[in-house]
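Structure, as structure tokens:
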Amino acid sequence: FKTPTMATKNLELPSIDAELLDRLHDKFYAVVDDFVPREFADRLLVDAERLYSDNGNNNNGNGSSKGSFRQHYFRFGDALLRKPNVFELDLSGPEKLDAHHCDLGGWKDVIDDLGPSYVRRMAELDRNRAAAAAEAEAAEGDRSARSLSLQTDTPPAIKVQLNTRGGSFPWHYDNPGPPNRRALTCVVYLNPRWNDGDGGEIVLRPFLSRDVVVPPLHRRAVFFRSDRIAHRVLPSRTRRVCFTMWCNGTDVNSRDDVALSREHLQFASYDEARIFFANSPLQRVISRAVYGEEYLQSLLECLVVGKNDPLAGEVGDDNTDAKGLTQEKRDIIVKQHEMSVLGITKKLRPLIEEFRRRKSEILQSSTVI
């Protein structure tokens, strides 16, 4: 199979337009098909598969790396947990690139051209939108209409992700709070052979609104506000490849974004409270309590894939930690989660219970894009 080639200098991104910015401000997420040219996407996929399969490059034989890809870990409380069958290639910064000692192929173009072009174009359109809104006084006092204030003096952080069978992610925010500076997330999928039933869909959860299920179709991009959209990835039944670009913001995680005070809680009705939290990063303070059962279920699901499970890893994958959590570790995770939920609920019980009631009605249906 011949590797596709394509010059990417000054790569145009026509789908990044004013309508996209409007959707990100109004709904906090947007889905764009055909985000990158097909030839470029095909080339990236070939290079990702090559970098993953290169056994001669930093493969230690114990499953913690696959070629240039590294096993993904995440922190939960005091524990550093391994996500079975989820591998990543970090392209953020020269020190990360030097560590790979490999031919990145088309991914060098993502670093040098696509990523920086994407940030500049988004920032330009956002400034234009903010200026127009200010002139019309349309956004006065509305924090949801606040500019993204993207940081343009540094390129976006970029990671390539490859999930083998069974890999998934639990519910989370890409910006859970300080010192994180992420303002905008963009996930681009490279799966030309994906079919219904293959899994690996990303599920977006606008606060107290219907879930949005997005299949990982080839060349599809999913954009969302990093501090306002909780999301998860459903278990994959086949190999799933994507790359993510995170843009930092200069105006994220202010005190009003992270510290819920009595002044914030002066609501005339629960409807008013729902609108406030749906539009504010402060939803992160209460989200785990409102969606407690869903958080815990997704967390355990992403950690317990086993070799006898129909979603287990591919032949040859090391699944030492994928056989299932020990009962002791599982009990610790459940207890930490329950303590977190209880701590929030005790302080805001009437609000949390009302939001849980509304959530139960909303989650009976979802939107599939």
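The values are calculated or read from the model by the stated rules, or taken from the named source; none is laboratory data. Remember, predicted model here, so these are calculated numbers, not experimental data. When we count neighbours, we look across all protein chains shown, and the Cβ atoms used for this are built from the backbone with ideal geometry, even at glycine. Remember, those area values only see protein heavy atoms, side chains included, never the ligands or the DNA or RNA. Shrake-Rupley method; radii C 1.70, N 1.55, O 1.52, S 1.80 Å.
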| field | Subset of the range 346-369 [open to solvent by less than 50 Å² (accessible area, probe 1.4 Å) and more than 26 Å from the chain's Cα centre (by Cα)] | value | Leu348, Leu351, Glu354
| Is it true that Arg70 is at pLDDT below 95 and either small (Gly, Ala, Ser) or touching an Asp or Glu at 6+ places or on another chain (Cβ under 9 Å) (or both)? | yes
| Residue that is among the aromatic types (Phe, Trp, Tyr), out of contact with any helix residue (DSSP H, G or I) (no Cβ under 7 Å at 6 or more places or on another chain) and either more than 15 Å from Leu162 (Cα to Cα) or open to solvent by less than 20 Å² (accessible area, probe 1.4 Å) (or both), where the choices are Phe223, Phe207, Phe267, Phe276 | Phe276
| note | For the range 202-225, the count of residues that are under 26 Å from Val290 (Cα atoms) and free of Cβ contacts under 8 Å to residues at least 40 places away in the same chain equals 1
| Any idea which of Ala133, Ala123, Ala99 is of a type outside the set (Asp, Glu), closer than 19 Å to Leu21 by Cβ and modelled with pLDDT under 90? | Ala133
